[in-house]
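Here is the structure we will look at.
The values are calculated or read from the model by the stated rules, or taken from the named source; none is laboratory data. Bear in mind that the values here come from a model prediction, so they are computed numbers and not experimental data. Cβ placement follows ideal geometry from the backbone for every residue including glycine, while neighbour counts extend to all protein chains displayed. Note: areas computed on protein heavy atoms with side chains; ligands, DNA, RNA excluded. Shrake-Rupley method; radii C 1.70, N 1.55, O 1.52, S 1.80 Å.
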Amino acid sequence: MKRALSLAASVLGLALAGGSTAALADGQDYVTITRGQYLATAGDCVSCHTAPGGKPFAGGRGIMTPFGVIYTPNITPDRETGLGAWSNDDFVAAMQHGVGKDGELLYPALPYPYYTKVTRTDLVAIKAYLDTLDPVRNEAPPNGLPFPLNIRTALMGWNMLFFTPGEFQPVAGKSDEWNRGAYLVEGLGHCGACHTPKNALGGDKGDKVLAGGVLDEWTAPNLGGDLRTGLGAWSTEDIVQYLKTGRNAKSAASGPMAEVVYYSTQHMTDADLKAMATYLKDRAGAPAPVAPQPVAATDPVMQAGLAIYQDNCSACHVSSGEGIARLFPALKGSAVVQADEPETLVRVVVQGTRAAATRAAPTGPGMPAFDWKLSDAQVASLLTYIRNAWGNAAAPVSADTVKKIHGRLTDTAATP
Amino acid sequence: MAGHKTDPMISRRALLASTAAAALVGSTQAKARFLSGEVPWAPGAATPPEPALPGGWIYFTPDEARAVEAIVERLIPADELSPSGKDAGCAVFIDRQLAGPYGGAERLYMKPPFVAGTAPEFGPQSPLSPAQQYRVALKSLDAYCRSNFGGKGFAELAPEERDKVLAAMEKGEPKFDGFGSRPFFNLVLQNTMEGFFADPIYGGNRDMVGWKLIGFPGARYDYRDFIDHVTEPYTLPPVSLQGRAGWNPGR
């Protein structure tokens, strides 16, 4: 796997051009396959289509959705259990329209609402790459979805409501770099799968694109320009560094984002990363949420939180909340610390976490679990403190909220 | 390195020594793990310290417990600086320690020969584990007090009488059966100090009284904010491995 990815990185020069039509002759040529490999990496297919401890791309990983667990299929070219019998048209239909080989509707756990923006040329290249993998015989376990969600035709209504098919159309008046970034962010990168909040039926909230979401008790922060909860304080270079190395001077990727960095973005070209950052910094985001009045430092809960912070956290995150650049994330000014949803904060304090260990930053510093010494009420005080200290401002976290999130935590999202 | 002479004898000797050491290491079961790549990490993994069990005495009989409480109360008497060793939980600490691996001498070499009168660097020379030493010596202490103080056990003696007995034990004057009065005095003194200053989760140092007495900040490991202010007092209160009252609002 890793060798395959570094091969992808080594042919970056070839893989760069988004709309290259150089090698469409038969889909079997080296240029198309290596470009497909790069694109499959940019789309992070391997992350979901690999079971823990399983063969890469052979599927079987359980994706936790609010509706039940959905197991990813095998996308190696095995004829019976994989994509071996799929034509390019079958593959494009699945990716652009969410329709399987036999016409069945696919669950949007396959992020086809985003992949629909990927050009047919790129999809055919990805298929050409997948066809070069060793076929693995592996049938995914049946999904754990309740009635009526287990009836796939129910998805017709879902698609009508929440799915707009169509390849990405470059925006006139924006640079090629901006459009390349938009193509990657909105399409293959499927950033919105986590970072766009979902409605009760799991569809994107159209007015809150990339405004921050929650999945499997992880908070995916707002990617808008808000200074407090978004990317406002991050420069283009900060974003590139984060995606390339898993760290920057302010933060570190952990949980599902660590997977994204580990399997996908660290292998992408600097030009593509810069394009994504350029687009993210320039796009018109959803209106920023209004900052609440910070909880007063004299509040007894803040005092308790300060004591817990001094005794447990300050050794790494520093009493000023500024952390240590590229090692321990800053909490001061952090978007995830001030996000409306405290899921990541509860998870990280209760279970600990680890930053992605990348080629550029191979250490992967870890944070230990604190549930053995902090009660849910103490975690709540601590979180209320870090959300309202050092100029931060966010709603306090109640012991009840901590208890609820704590009870739902799984260890499925271990950092790679 | 220009000015240094190399001595071929020494380097040969060093080589031989290191070979011998390698042979020694190689012949024992290696407990170390080799790690490559990333440091292992798993969600929720922790090896928390095991707190002392709450409740009544675990190792001591009620009579033994009374005697040990009476001893630690005199070794660390209550005064204006701190509560007594008894009130700080030193006897509880000793009880829990004697019930555990320390009491069972699990980490001591306990095979004969045991030779009396060896230098300290030869280590303890008793066939008895610490738990057995307490049992045997407390029995002797009880007998000694009953025959010298009108049938009273140590715990029933007046404070001054207890001090007299302890002072005599420190000099090794009372003849104890099986484990000498002087080594026993040293053992209890050592364990009492440990109980007074160990983390409260082990049963002693109740409310961190020992740490407050000497200004020890407890289980902390970040002094960067204070390292440049050596002339100013350190203001953070002590903290145990399991926290402090201030972690709860309004405390």
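State yes or no: is residue A:318 within 27 Å of the chain's Cα centre (by Cα) and open to solvent by less than 40 Å² (accessible area, probe 1.4 Å)?
no
Of all residues in the range A:346-374, which are more than 7 Å from chain B (Cβ to nearest Cβ), under 14 Å from residue A:329 (Cβ atoms) and among the small types (Gly, Ala, Ser)?
Correct list: A:355, A:356, A:361.
For the range A:375-405, which positions are within 8 Å of chain B (Cβ to nearest Cβ) and in contact (Cβ under 8 Å) with a residue 60 or more places away in the chain?
A:378, A:381
Give me a count of the residues in the range B:233-250 that are over 21 Å from residue A:299 (Cα atoms), touching a helix residue (DSSP H, G or I) at 6+ places or on another chain (Cβ under 6 Å) and surrounded by fewer than 14 Cβ atoms within 10 Å (Cβ to Cβ).
Total meeting the criteria: 0.
Mind counting the residues in the range B:210-225 that are more than 14 Å from chain A (Cβ to nearest Cβ) and open to solvent by less than 30 Å² (accessible area, probe 1.4 Å)?
1
Of the residues B:163, B:177, B:228, only one is at pLDDT below 95, out of contact with any Asp or Glu (no Cβ under 9 Å at 6 or more places or on another chain), loosely packed, with under 15 Cβ neighbours inside 10 Å and more than 14 Å from chain A (Cβ to nearest Cβ); which?
Checking each option against the conditions leaves just B:177.
Every residue in the range A:25-74 that is under 22 Å from residue A:257 (Cβ atoms), open to solvent by 40 Å² or more (accessible area, probe 1.4 Å) and part of a helix (DSSP H, G or I), please.
Residue satisfying the conditions is A:48 alone.
Could you tell me whether the range A:274-286 includes any residue that is open to solvent by less than 10 Å² (accessible area, probe 1.4 Å) and either in contact (Cβ under 8 Å) with a residue 12 or more places away in the chain or within 14 Å of chain B (Cβ to nearest Cβ) (or both)?
yes
Which residue, of A:201, A:227, is assigned to a loop (DSSP other than H, G, I, E, B), under 20 Å from residue A:331 (Cβ atoms), at pLDDT below 95 and open to solvent by 50 Å² or more (accessible area, probe 1.4 Å)?
None of the other options fit; the residue is A:227.
Out of all the residues in the range A:150-171, which are of a type in the set (A, V, I, L, M, F, W, C), assigned to a loop (DSSP other than H, G, I, E, B) and in contact with a helix residue (DSSP H, G or I) (Cβ under 9 Å, 6 or more places away or on another chain)?
Matches in the range A:150-171: A:163, A:168, A:171.
Out of the residues in the range B:235-250 that are at pLDDT below 90 and under 15 Å from residue A:311 (Cα atoms), state the one that is nearest to the other protein chains (Cβ to nearest Cβ).
Across the range B:235-250, the extreme among qualifying residues is B:242.
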